[in-house]
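Comments concern the structure below.
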Amino acid sequence: MFNKKHLSTLERIADALERIADRMEYGDPLAAAPPAEKAAPVFTQISPAAQQTTSAPQLIIPPPAAAPQFTPESSFMSHSFGEHFDKIADYLSRHGLNVTKALSEEPDTPYRFGKEAWYIGGKYDSLAFLLRHLRRIAATGESSILDVSFAEQEQLVYITQFCYILQGSGILSAYSYDRPNRRITVAVDENNTDGLDFLSGSWLPHYIYSAAKRAASTEYRTHNVPIRRYVFARDAQVVSARDAERYTLGMLAHFCGKTFWVECVSRFSADAVQKYGSFAKKYGFPHERTFLVVQEGDAETLGGWEKIYGNLQLCTAETFSERFSAALKQTIFDAGGTINNSAEY
């Protein structure tokens, strides 16, 4: 008869064999998040009439009294997205949104500036002033001197490191640091279109995607997760079964049987909060798993607007990881998961 020590050893071996089998079937979910990819358009609403014009997207409005009948595109509504993408498609369908293009985690073109996006996303408060300055001088291509004598040592390190990274990636055509006078000289390459897009805010959705992937990987590793698979979908194209309006949803995630929706905007505006809040309410997205990340917005302002639009969690790029991780933890525990005390760090 096996004693308790032997049973403990066998249990660990069985668990290890189960993990190996899962990785052989699904791939390694614990691998580091891949570099961020090509910018996905953030949630756009296009009415059938607007498709024939160049007018700006309209705010969400209540459906007409007699909504038109929607006939799904058979080639895309036949549950051909893969088992785990199907779960996201089924969730959207139950909420009145039908997927019109096969869901995918990888865009057609990889994003060039994944490393740069990850760097600025985690240190945005320290680098926001520099990013705004670079946007102002971007179109000129001329060099500009910026006084950084106000910066504490840690922030100064972030500033100089980030400039060095941007120069290496070709976004900055010139960079130098005058240490005695604590000034930097920078110039933006006005011919680098992707670089100009990066400075304008295209880095944000890629940072948010990488942060969400890393948060999911961490929670997967630190808990005994009842459902041993998660999946992310980028730039999901959907059509409303109620009124045939078409939308693009920035990022969706399926974790422990629940679907999360994440959007991001570069700057705070009441219109943006109203648009996403109204959409979340209209289609029944729950507050605990729905996020709007605002690049430039203070916590007090966002907190006030979150109380008005109860279907959204409003957060900054720097606070997103913490709030997304908290939502994942709660989802794991609700599904019966527990802390994995044998996890290695």
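The values are calculated or read from the model by the stated rules, or taken from the named source; none is laboratory data. All values reported here derive from a predicted model rather than from experimental measurement. Using ideal geometry, Cβ is built from the backbone for each residue, glycine included, and neighbour counts are taken over all protein chains shown.
Results for (1) of a type in the set (S, T, N, Q); (2) modelled with pLDDT under 95, shown as yes or no for each residue.
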position: Ile120; (1), (2): no, yes
position: Phe129; (1), (2): no, yes
position: Ser143; (1), (2): yes, yes
position: Val188; (1), (2): no, no
Candidates Gln295, Gln313 - the one that is buried (at least 19 other Cβ atoms within 10 Å of the Cβ), at pLDDT below 90 and polar (S, T, N, Q): Gln295
Any helices (runs of 4 or more DSSP H) falling wholly within region 80-137 and containing at least 2 residues that are hydroxyl-bearing (Ser, Thr, Tyr) and within 20 Å of Thr248 (Cβ to Cβ): 83-94
Failed condition for Glu322, given (1) acidic (Asp, Glu); (2) on the phi > 0 side of the Ramachandran plot; (3) in a helix (DSSP H, G or I): (2)
Out of Arg214, Arg221, sole residue that is out of contact with any Asp or Glu (no Cβ under 8 Å at 6 or more places or on another chain) and at pLDDT below 90: Arg221
Subset of region 98-111 [surrounded by fewer than 23 Cβ atoms within 10 Å (Cβ to Cβ) and modelled with pLDDT of 90 or more]: Asn98, Thr100, Lys101
All helices (runs of 4 or more DSSP H) inside region 153-253 with 1 or more residues being of a type in the set (Lys, Arg): 203-222
Every pair of residues 6+ apart whose Cβ atoms lie under 7 Å, when the first sits in region 281-294 and is at positive phi while the second is surrounded by fewer than 22 Cβ atoms within 10 Å (Cβ to Cβ): Gly284/His95
Region 137-173, residues that are surrounded by fewer than 15 Cβ atoms within 10 Å (Cβ to Cβ) and not polar (S, T, N, Q): Ala139, Gly141, Glu142, Ile145, Asp147, Phe150, Glu152, Glu154, Val157, Tyr164, Gly168, Gly170
Criterion (of a type in the set (Gly, Ala, Ser) and either under 20 Å from the mean Cα position of the chain (by Cα) or closer than 27 Å to Gln161 by Cα (or both)) met by exactly one of Ala212, Ala244: Ala212
Unmet requirement for Gly170, which otherwise passes all of (1) in contact with a Leu (Cβ under 9 Å, 6 or more places away or on another chain); (2) more than 26 Å from Thr319 (Cβ to Cβ): (1)
Candidate set: region 173-210, residues that are of a type in the set (Gly, Ala, Ser) and in contact (Cβ under 8 Å) with a residue 12 or more places away in the chain; chosen: the one farthest from Ile159 (Cα to Cα): Ser210
Test: residue in region 266-280 that is assigned to a strand (DSSP E or B) and farther than 26 Å from Ser104 by Cα: yes
